[in-house]
Amino acid sequence: METAYMGAGTEVDKGENARLSSLIGAMAIADLVKTTLGPKGMDKILQAVDPNDQSISVTNDGATILSKIPLDNAAAKVLVDMAKVQDKEVGDGTTSVAVLCGELLREAEQLLLQQRIHPQTICAGWRLATKVAKVALDQCATEGVTDDDLFKIASTTLSSKLVNAEKEHFARLCVSAVQRLKGSGNLDHIQIIKLPGGSLRDSYLEEGFLLQKSIGVGQPKRMVNCKILLANTSMDTDKIKIYGSRVQVDSLNKVAEIEQAEKLKMKRKVDKILAHGCNVFINRQLIYNFPESLFTASKVMAIEHADFDGIERLAAVTGGEVVSTFDNPDKVQLGQCDVLEEVVIGETKVLRFGGCKSGAACSIVLRGSSNHILDEAERSIHDALCILAATLKYPRRIYGGGCTEVAMAEAIDKAAKETPGKQALAMSSFSKALLQLPMIVADNGGYDAADLVTKLRAAHAAGKTSCGLNMSNGTIGDMAELGVMESYRSKLQVVTSASEAAEMILRVDDIIKAAPRRREEMM
């Protein structure tokens with residue numbers, strides 16, 4: 001009926017059709033990524049089909065997979081956005097949040113179709129279940145974290161990544177890097193540099209800042225007590241560049257005069273830069289030969305084309321500021337570091353800034369046999385750094401291996417028995433969805449998931465509250481002894497985001513598709 005009053009090309013899906021479309025779209029996305037969940041999860045190859053871009057990437061990071069897939073289903077896009085927020089807020093748990101949301105909607109489909117329960121009743125039951133789950137999760141968490149806990153949390157995070165074989169080595173790197181931040185949580189001070197060659201084991205933490213640029217010709221390769229001027233200014237106008245203009249001269253001498261005027265202009269600019277009293281000049285843009293020769297004559301080290309990320313990071317770690325004009329030297333804050341030298345890593349020359357004003361600065365140098373491995377290792381390290389920063393900000397930790405999911409499910413089941421009405425059925429469905437997470441983890445390891453999860457529930461019922469899945473040998477183990485720990489903040493975000501997104505998708509009863517209004521119609 002509504003389409004009679006709408007413009008051409010507008011489609012409306014109503015009632016059951018709209019709801020099923022949303023549920024199936026979200027469940028399909030959850031099914032896509034659930035095989036990557038857990039320490040025995042599989043990887044995906046993402047291949048571009050653009051004729052101009054034939055790149056591939058191999059990953060099991062949920063946020064990366066979901067962000068690179070073009071989608072047409074609205075509910076699926078909600079899941080993708082939720083995974084992106086999880087990645088931005090906490091850094092890890094992106095696959096878990098998408099899978100849990102998909103499992104909640106799978107349970108909701110049964111309640112809708114088989115038991116004819118209204119979506120609002122299901123949402124009300126889920127809200128009650130979420131409150132109970134948060135209380136149970138809070139009881140599972142311990143106050144405060146030690147250095148050993150941080151190492152175990154990093155190891156658990158990396159156990160499901162490509163770097164699993166060297167997870168202890170990388171866990172130590174990540175913990176050392178985050179501890180240098182002294183609680184600030186500013187991950188901009190930690191730079192990750194990927195240099196192909198060697199093996200993953202050759203990766204190391206460099207206590208300083210590394211920049212993949214080269215020093216100007218004839219300039220010193222090592223400088224101590226550096227005063228660094230960071231700039232974003234044009235240093236490429238020492239030659240005549242005339243676009244779309246016509247200049248008439250009656251002799252080549254006039255051309256030479258114009259070139260000389262350009263050179264004088266550039267010399268005055270270089271003199272203004274030198275008036276700042278710096279011995280290192282780093283520019284975001286190019287530096288042409290003439291200004292470079294002027295810097296060389298003044299024994300100033302000049303570095304060109306430090307890209308935007310590089311110059312911003314340098315400003316953060318050296319305590320300087322990026323400037324574009326040079327008329328007021330007294331108002332400019334110069335960066336400082338103890339030593340700036342050119343070092344060789346593998347076959348690559350990089351610049352090392354040692355003893356930066358911000359002692360938090362460090363660089364993680366990743367080595368590996370191919371660019372695909374290095375890209376995935378970078379994503380893994382990023383997740384571990386984010387989860388450690390979040391743990392230091394909210395210093396609480398919980399046991400992993402499905403331990404907390406079973407504890408939350410038990411608490412919800414107990415509360416459901418005391419809740420009258422149909423909301424109790426929705427609470428039970430929330431409990432079943434939570435139990436699907438350890439089931440999927442066990443399935444991905446090739447183990448008997450139903451047998452393991454029932455044993456795990458029996459162990460929790462017997463009071464062994466630290467029991468979880470031992471994925472090394474497919475048994476039930478004590479997570480405290482195995483050192484399998486997760487961040488409380490990450491798990492809380494997973495439960496909260498998944499329940500909110502599932503509720504949002506479930507409340508949909510109409511899907512309206514329409515082309516945007518054309519400009520002439522809006523006039």
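So, counting K/R as plus one and D/E as minus one, what does the shell of residues with Cβ under 14 Å around A502 add up to?
Value of the local net charge: -1.
I'd like the distance between the alpha-carbon centres of the stretch 429-453 and the stretch 330-346, rounded to an integer number of Å.
52 Å
Tell me whether the stretch 162-294 comes out rounded, prolate or oblate; compute the Cα gyration tensor, take square roots of the eigenvalues as a ≥ b ≥ c, and use a/c under 1.5 as the rounded threshold.
prolate
Quick one: compute the contact order of the stretch 341-455, relative version, from alpha carbon pairs under 8 angstrom and 6+ residues apart, as a percent.
Working: 59 pairs, mean separation 15.5, N = 115.
After rounding, I find 13 percent.
Using the alpha-carbon centroid of each, what span in Å lies between the stretch 398-428 and the stretch 123-141?
8 Å
Can you bin the stretch 123-226 into rounded, prolate or oblate? Criterion: square roots of the alpha carbon gyration tensor eigenvalues sorted a ≥ b ≥ c, rounded for a/c under 1.5, prolate for a/b above b/c, oblate for the rest.
In terms of gyration-tensor shape, prolate.
Need one number: nm distance between label points at S199 and N186, each 7 Å from Cα along Cα→Cβ, rounded to one decimal.
Reported label-point gap for S199 and N186 is 3.8 nm.
Calculate the spin-label point distance for K417 paired with T296, positioning each point 7 Å from the Cα along the beta-carbon direction, and give it in nanometres.
In this crude label model, T296 to K417 measures out at 8.4 nm.
Please give me the summed charge of the neighbours of A361: other residues whose Cβ is under 10 Å from its Cβ, Lys and Arg +1, Asp and Glu -1.
After counting each charged neighbour, the total is 0.
Where the centroid of each part is defined by its Cα atoms, how far is the stretch 282-316 from the stretch 155-204 in Å?
The two parts, judged by their Cα centres, are 30 Å apart.
Roughly how tilted is helix 488-506, in degrees to the nearest 10 and between 0 and 90, from the longest Cα axis of the chain?
Helix 488-506 sits roughly 70 degrees off the main axis of the chain.
So how many Lys-Lys pairs in the stretch 92-211 land under 22 Å Cα to Cα, not counting same-chain pairs under 8 apart?
Taking the Cα cut-off of 22 Å, the pair count is 5.
So with the 1.4 Å probe, I'd like the accessible area per residue for the chain, rounded to whole Å².
Values: 25360 Å² over 523 residues.
Result: 48 Å² of accessible area for each residue.
What shape does the stretch 49-206 take by its C-alpha gyration tensor, where a ≥ b ≥ c are the square roots of the eigenvalues and a/c under 1.5 counts as rounded, a/b above b/c as prolate, and the rest as oblate? Each step should come with its number before you reach the end.
Working: a/c = 2.71, a/b = 1.43, b/c = 1.90.
The shape class here is oblate.
Using only Cα atoms, tell me the angle between helix 167-179 and the longest principal axis of the chain; keep it within 0 to 90° and round to the nearest 10.
60 degrees
Tell me the net charge near V343. Cut-off is 11 Å between Cβ atoms, V343 excluded, with +1 for each Lys or Arg and -1 for each Asp or Glu. It would help to have the intermediate numbers written out before the result.
On the way: positive: K221, R222, K349, R352; negative: E206, E341, E342.
Taking every Cβ under 11 Å from that of V343, the sum is +1.
Relative contact order of the chain: what whole-number percent is it, with Cα pairs under 8 angstrom and at least 6 residues apart?
Working: 963 pairs, mean separation 139.4, N = 523.
Across the chain, relative contact order equals 27 percent.
Karplus couplings for the stretch 191-207 from phi (6.51 cos²θ - 1.76 cosθ + 1.60, θ = phi - 60°), rounded to Hz, Gly and Pro as x?
Taking θ as phi minus 60°, the curve returns 9, 10, 10, 9, 10, x, x, x, 10, 4, 5, 7, 5, 8, 9, 9, 7 Hz for the stretch 191-207.
If you count, for each residue, the other Cβ atoms within 10 Å and average over each peptide, how do 493-502, 415-424 line up from highest to lowest?
493-502, 415-424
When the Debye formula is applied to the Cα atoms of the stretch 165-213, each taken as the same point scatterer, what base-10 log of I(q)/I(0) results at q = 0.13, 0.15 Å⁻¹?
-0.34, -0.45
Once Rh for the chain is found with the Kirkwood sum over Cα pairs, what is the Stokes-Einstein diffusion coefficient at 10 °C and 1.306 mPa s, in µm²/s? Display every interim value, and only then the final one.
Details: Rh = 26.7 Å.
Estimated diffusion coefficient is 59 µm²/s.
Before anything else, pin down the relative contact order of the stretch 45-84: Cα pairs under 8 Å, at least 6 apart, normalised by residue count, whole percent.
Working: 27 pairs, mean separation 12.7, N = 40.
Averaging sequence separation for qualifying contacts and normalising by length gives 32 percent for the stretch 45-84.
Please give the helix 449-461 orientation as an angle from the longest Cα principal axis of the chain, in degrees from 0 to 90, rounded to the nearest 10.
So the helix axis and the longest Cα principal axis differ by about 80 degrees.
The values are calculated or read from the model by the stated rules, or taken from the named source; none is laboratory data. Keep in mind it's a predicted model, so treat the numbers as computed, not measured. Positions of Cβ are backbone-derived with ideal geometry, glycine not excepted, and every protein chain shown enters the neighbour counts. Ligands, DNA and RNA are stripped out before the accessible areas are found, and what is left, the full protein with its side chains, is counted by its heavy atoms. Shrake-Rupley method; radii C 1.70, N 1.55, O 1.52, S 1.80 Å.
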